[in-house]
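Where a number appears in this text, it was derived from the coordinates with a stated rule and is not lab data. Keep in mind that this is a model prediction, so the values were computed, not measured. Methodologically, a virtual Cβ is constructed for each residue, glycine included, from the backbone with ideal geometry; neighbour enumeration extends over all protein chains shown.
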Amino acid sequence: MAKTIQAIRGMNDCLPSNTPTWQFVESRIRQLVNSYHYQEIRTPIVESTDLFKRSVGEATDIVEKEMYVFEDRNGDSLALRPEGTACAVRAGNQHGLLYNQQRRLWYMGPMFRHERPQKGRYRQFHQFGAEAFGYQGPDIDIEMILMGARLWKSFGISDKVELQINSLGNAEARANYKKVLVEFLSAHIESLDEDSKRRLDTNPLRILDSKDKNTQEILVNAPKLIDHLDTESAEHFSILCERLDALGIEYTVNPSLVRGLDYYNRTVFEWVTSLLGSQGTICAGGRYDGLVQQLGGRETPAVGFAMGIERLVLLVESLEIDVGESDAQVYVTALGTAAELKAQELTELMREHFSFLKVQTHCGGGNFKKQLKKADASGAMLAIIIGESEAQSGSFGLKWLRKDLPQETVTEQELLEVLAEVS
Ligand code: ATP
Ligand code: MG
């Protein structure tokens, strides 16, 4: 036998047993963005590598070690997109969507990062993201947070997800703080983990979210960025907090929340759950007021978030939330050539009249006993039975599969009336 070919490690098939949950999650997301009147944007999966180097940042985990980069046949360096914000900004600049106007956009699709696969962490994963351009905030920051809160509510998981917020200030405040932080950490350099030692030069802020125990202990006494904010960012942050309070959105200020991408400033936030082990961040976002300009556009304030769909799906599965997966409703059996043709005509007629009805036509022959067994297994509540004589007469056998009632004979018209009641 030929050797079977396996999928790439960390890249998952979504099988029929999973797709109902995915469809449920995706449809709730579509409802959500619709109710906030965001517009969808779809960008290619492949972009030039430079886009991510210039936006996400050279010294980030994503660009340093997680990106799928390859050379095109003509020698250009291309990357499978590791995230969606840079792509949205690239497209926005390229097509003049951002200049001198305000935009609220959303996207959903696969992203790629070469990470160690584990529960909630994959090499191909999916993100839903929202981005708003041309708004200074903090009102729009709050809208981003409200969207998350509304989505949790629609899944009935508001009590399972916690909001953490922080402010990164402006570039100058961050630069000043970096100095203070590096000074503090340099005094403890021996106790830092290897990654953090390296980041002391390349990306000191990232040390704040080191998972290493020793490093974390040192960080407890480290100076906090939130105490070194510029006046405007501090004001922005205090309005944000006040409004969240007024709107009844609970949050924790987490001074070590820095996010792993370079482009963030001011507000950053994460929605975190304790139900998914160490992959607990379901949604992460913040402001990135400099990015549009950094990628060649005009200065444009911006804010957005990205949500990991796999983590959301895991959460929905682990909480056994009803995703409304439904069986076939009507199963049509037929015996003989004329009856089979009649069955296909009849099922098309049903679909014509009732577009939401789930109708399955028996295919592949076999006697009625075998066909009715299939009908039962399909989960359908109603079986239609068409033999040679029914094919001639234009009336059909009708059998309720989940009720103890005798089989009846109905005309086409009567059948449509029955279906109108059940569909
Ligand atoms: P983490 O700290 O978990 O690595 P991150 O900071 O790299 O996350 P972002 O780049 O902000 O994550 O992406 C936003 C969201 O996308 C994450 O909160 C998570 O839900 C999801 N996500 C990121 N990387 C992966 C991955 N490899 N597999 C599955 N989901 C992911
Ligand atoms: Mg990551």
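Take each complete run of DSSP H in the chain, measure how far its Cα atoms stretch along the helix's own axis, and keep only those covering 20 Å or more with mean Kyte-Doolittle hydropathy at least -0.5; list them.
Result, helices passing both filters: 139-155, 171-186, 231-246.
The charge dipole of segment 342-414, taken about its Cα centre with unit charges on the Cβ atoms of Lys, Arg (+1), Asp and Glu (-1) only, comes to about 480 debye. What is the P(r) of segment 109-180, as percent of Cα-Cα pairs per 5 Å bin from 0? Here the calculated profile for segment 109-180 is 3, 10, 13, 14, 17, 20, 15, 6, 1. With neighbours defined as other Cβ atoms within 10 Å of a residue's Cβ, the residues Phe70, Phe237 order from fewest to most as Phe70, Phe237.
Give me the percent relative contact order of segment 83-202, please, defined on Cα pairs under 8 angstrom at least 6 residues apart. Result for segment 83-202 is 17 percent. Taking square-rooted eigenvalues a ≥ b ≥ c of the alpha carbon gyration tensor, is segment 268-352 rounded, prolate or oblate, where a/c under 1.5 means rounded and, failing that, a/b exceeding b/c means prolate? In terms of gyration-tensor shape, oblate. Of the residues Asp13, Asp193, Asp72, the one with the fewest other Cβ atoms within 10 Å heads the list, and the complete ranking is Asp13, Asp72, Asp193. For a quick check, take a GNM of the chain with Cα springs below 10 Å and name the residue from Leu229, Leu291, Leu78 with the largest mean-square fluctuation. Fluctuation is largest for Leu78. Considering only alpha-carbon pairs that sit under 8 angstrom and 6 or more positions apart, the relative contact order computed for segment 356-423 is 23 percent.
Explain nothing, just the number: relative contact order of the chain, from Cα pairs under 8 Å at least 6 residues apart, as a whole percent.
RCO, the chain: 15 percent.
Rounded to whole Å, the principal axis extents of the Cα atoms in segment 22-151 read 42, 39, 25, largest first. Taking the square roots of 5 times each eigenvalue of the Cα gyration tensor of the chain, largest first, gives ellipsoid semi-axes of 54, 23, 21 Å.
Relative to the current alpha-carbon distance between Glu115 and Ser278, full extension at 0.36 nm per residue lengthens the span by 57.3 nm. Measuring against 22 Å, Cα to Cα, the residue pairs Lys179/Lys224; Lys160/Lys213; Lys65/Lys197; Lys119/Lys153; Lys369/Lys403; Lys178/Lys211 contain Lys160/Lys213; Lys119/Lys153 as the ones spanning a longer distance. Residue by residue, segment 249-258 carries 3J(HN,Hα) couplings of 8, 7, 7, 10, 7, 10, x, 9, 6, 10 Hz when phi is fed to the Karplus relation 6.51 cos²θ - 1.76 cosθ + 1.60 (θ = phi - 60°); x denotes Gly or Pro. Set against the 2.2 N^0.38 Å expectation for a compact globular protein, segment 228-323 has a Cα radius of gyration ratio of 1.28.
Just checking the listed ones, Arg311, Arg287, Arg73: in the Gaussian network model of the chain with Cα springs under 10 Å, the one fluctuating most is Arg73. Rg/Rh for segment 85-218: what does it come to with C-alpha atoms and Rh from Kirkwood? So for segment 85-218, dividing Rg by the Kirkwood Rh gives 1.02.
What is the projected area of the convex hull of the Cα atoms of segment 283-423, averaged over all directions, in nm²?
One quarter of the hull surface, i.e. the mean projection, equals 14.5 nm².
The residues Glu83, Glu71, when put in order of fewest to most other Cβ atoms within 10 Å, stand as Glu71, Glu83. In a simple Cβ point-charge model (Lys, Arg +1; Asp, Glu -1; nothing else charged), segment 1-82 has a dipole of about 320 debye relative to its Cα centre. Cα centroids of segment 207-267 and segment 126-145: 18 Å apart.
In the chain, taking the dipole from charged Cβ atoms about the Cα centre, the farthest positive-side position among Gly297, Leu98, Gly57 is held by Gly57. Can you work out the base-10 log of I(q)/I(0) for segment 350-423 at q = 0.28 1/Å, using the Debye formula on its C-alpha atoms alone? Result of the Debye calculation: -1.59.
Remark: the chain carries a charge dipole of roughly 780 debye about the Cα centre, counting +1 on each Lys and Arg Cβ and -1 on each Asp and Glu Cβ.
Here the simple spin-label model places points 7 Å from the Cα toward Cβ, and for Asp50 and Glu71 these points are separated by 1.8 nm. Comparing Met67, Met381, Met108 in a Gaussian network model of the chain, where Cα atoms under 10 Å apart are tied by springs, the biggest mean-square fluctuation is seen for Met381.
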